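Undergrad: This is the structure I want to talk about, given as structure tokens.
Each reported figure results from applying straightforward, stated rules to the coordinates on display, with no laboratory input. Keep in mind it's a predicted model, so treat the numbers as computed, not measured. Glycine gets a Cβ as well: all are built from the backbone with ideal geometry, and neighbour counts include every protein chain shown.
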Amino acid sequence: MELQLLEKQLKAVADANRLKLLSCLKSGEVCVCDFVDVLGISQPAVSQHLKKLEEAGIITARKLGTWKHYRLVENPSTIIQTVLDQLDRQEFCHCGTCK
């Protein structure tokens, strides 16, 4: 793995809000609108967190109507997979779409 990408990914997951987002995404695709309630912050602030995760190659997005829907990339790096394995979505995520 390229050193710059590794640095970007580590910085992206070094934030409690972004870890909560990743926890939710373990269940599958989630609309940005659902994350507002999870984090209790504004939609633009949520979008900034998602942008950092997307730029780090950890998540991907697709536009559906006026909203973006996010999901984990199919083959995350070993380091990111290790982080994901440590996240318990029931403990961190309360978006209503997680089971």
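Undergrad: Between Gln86 and Lys11, with labels modelled 7 Å along Cα→Cβ, what's the label distance in nm to one decimal, could you check?
TA: 2.0
Undergrad: So if I place +1 on the C-beta of Lys and Arg and -1 on the C-beta of Asp and Glu, and nothing else carries charge, what would the dipole magnitude of the chain be about its Cα centre? I want it in debye, nearest 20.
TA: 240
Undergrad: While we're here: Which net charge results for the neighbourhood of Ser77, defined as the other residues with beta-carbon distances under 13 angstrom from its beta-carbon, given Lys and Arg at +1 and Asp and Glu at -1?
TA: Neighbourhood net charge equals -3.
Undergrad: Nearest 500 deg cm²/dmol is fine: what mean residue ellipticity at 222 nm does the chain get from its DSSP H runs of n ≥ 4 alone, each adding -39,500 (n - 2.57), divided by its residue count? Write down the numbers at each step before the final one.
TA: Details: 6 runs with 55 residues, N = 99.
It comes out at -16000 deg cm²/dmol, rounded to the nearest 500.
Undergrad: Right, next: Could you name the lysines whose alpha carbon sits less than 23 Å from that of Lys51, not counting residues in the same chain fewer than 8 places away?
TA: Hits, sequence-local ones excluded: Lys8, Lys11, Lys20, Lys26, Lys63, Lys68.
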